[in-house]
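Okay, so here's the structure we're looking at.
The values are calculated or read from the model by the stated rules, or taken from the named source; none is laboratory data. Computed from a predicted structure; not experimentally measured. Here the Cβ is made from the backbone with ideal geometry for all residues, glycine too, and neighbour counts use every protein chain on show. Areas reflect the complete protein model, heavy atoms only, side chains present, ligands, DNA and RNA absent. Shrake-Rupley method; radii C 1.70, N 1.55, O 1.52, S 1.80 Å.
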Amino acid sequence: SLLDFVSDAPDITKLYNQTLETFRADKNAKACVRLELKLAKVLFERKEFAKLEKTLNQLRQQCQLEDGSDDPSKGSQLMEIYAQEILMYTAMDDTSRLKALYNRALTIKAAIPAPRITGIIHECGGKMWMREKRWEKAHVDFFEAFKNYDEAGSPRRIACLKYLVLAAMLMGSDIDPFEETRAKSYKSNPEIASMIALVDAYTRSDIHAFEKLLKENKKAIMDDDFVRGYVEDLLANIRTQVLIKVLAPYTRIGLAFIAQELNIPQGDVETLLVSLILDSKIRGRIDQIGQLLILEGAQQVDAAKYR
């Protein structure tokens, strides 16, 4: 408790190591493990990843058999170590080692980890899948993270519910995440209410309302670094939805008119159109002199595919 109180002290690592030496001299193995886990959390908060990795390696060695495999009798302790290591690799953006450890953690059957630990593993797993744009897998992991954080009473449940809604939008799901009883009870939370309003504008392809909500709910949406990182993906999707609807009755259309409909600069319109033409999502060409999009035949594109 005293070490928790002075965790912001510059020489906190030295204090932890001195205390560890005392516990080791007394052969108090359990106290050593608890203290090293606390030290790992402090090092993570300070982003001292080199020291953290060394500490976690030492902890893992204490949970291994002579052949180097994990000791099944120490499953709960291993899960806590894995959770801290997964957090570290997520912060370091080391997807390769994160995925390997994530898969390994999910195979441990000899332990019933605390819900908070399971929540950490699934939240980081969801973020990992989001980086790979595997929205459906992210959606599953964020839902598991939310349920476990909710059971643990952790405030991270609100963040993971936001991420669940984000993944649902990106995967184009029509499933309402708030049909689940526990999720439904948070619909009135200000941060969640902002995300629900965003989903409504997104599904209606109302780009003006969508952008207005982003500006008006800066704290709930844009101040979250993780959510902010995917706003451009959402904007690209909703602009594509609107664009497909705008193009439907035309064989040629001015770029300035499209820019007005999408509420973006004309230069961004050209970039978007080039991307869609190259991806064969629309058939046509850009007349640079006349600043027109010339469409080839009927555009048989379903805007719902880009939600």
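Just a few scattered comments:
- When the range 283-296 is filtered for residues that are touching a strand residue (DSSP E or B) at 6+ places or on another chain (Cβ under 9 Å) and either at pLDDT below 55 or in a loop (DSSP other than H, G, I, E, B) (or both), the ones remaining, listed by number, are R283, G290, Q291, E296.
- Qualifying residues in the range 92-140 (those that are of a type in the set (K, R) and either open to solvent by less than 20 Å² (accessible area, probe 1.4 Å) or under 12 Å from the mean Cα position of the chain (by Cα) (or both)) - the one nearest to A152 (Cα to Cα): K127
- Any pair with Cβ under 7 angstrom, 6 or more apart, that starts in the range 55-66 at a residue that is open to solvent by 40 Å² or more (accessible area, probe 1.4 Å) and ends at one that is β-branched (V, I, T): Q62/V33
- Against the numbered list (1) surrounded by 13 or more Cβ atoms within 10 Å (Cβ to Cβ); (2) among the hydrophobic types (A, V, I, L, M, F, W, C); (3) over 25 Å from D174 (Cα atoms), A256 comes up short only at (1).
- Of all the listed residues (F143, F178, F210), the sole one being under 15 Å from the mean Cα position of the chain (by Cα) and buried (at least 17 other Cβ atoms within 10 Å of the Cβ) is F143.
- Boolean, E36 is at negative phi and either open to solvent by 80 Å² or more (accessible area, probe 1.4 Å) or in contact (Cβ under 8 Å) with a residue 60 or more places away in the chain (or both): no
- On the stretch given as the range 146-175, residues that are among the basic types (K, R) and open to solvent by less than 30 Å² (accessible area, probe 1.4 Å) total 1.
- Wholly enclosed helices (runs of 4 or more DSSP H) of the range 193-281 bearing at least 3 residues touching a strand residue (DSSP E or B) at 6+ places or on another chain (Cβ under 8 Å), aliphatic (A, V, I, L, M) and at pLDDT 90 or above: 266-278
- Selection over the range 77-91 of residues that are open to solvent by less than 10 Å² (accessible area, probe 1.4 Å) and either among the acidic types (D, E) or touching a residue at least 60 places away in the same chain (Cβ under 8 Å) (or both) gives a count of 1.
- Inter-residue pairs, beta-carbon under 8 Å, first under 18 Å from L278 (Cα atoms) and in the range 240-262, second modelled with pLDDT under 95 and open to solvent by 70 Å² or more (accessible area, probe 1.4 Å), 6+ apart: I244/D302
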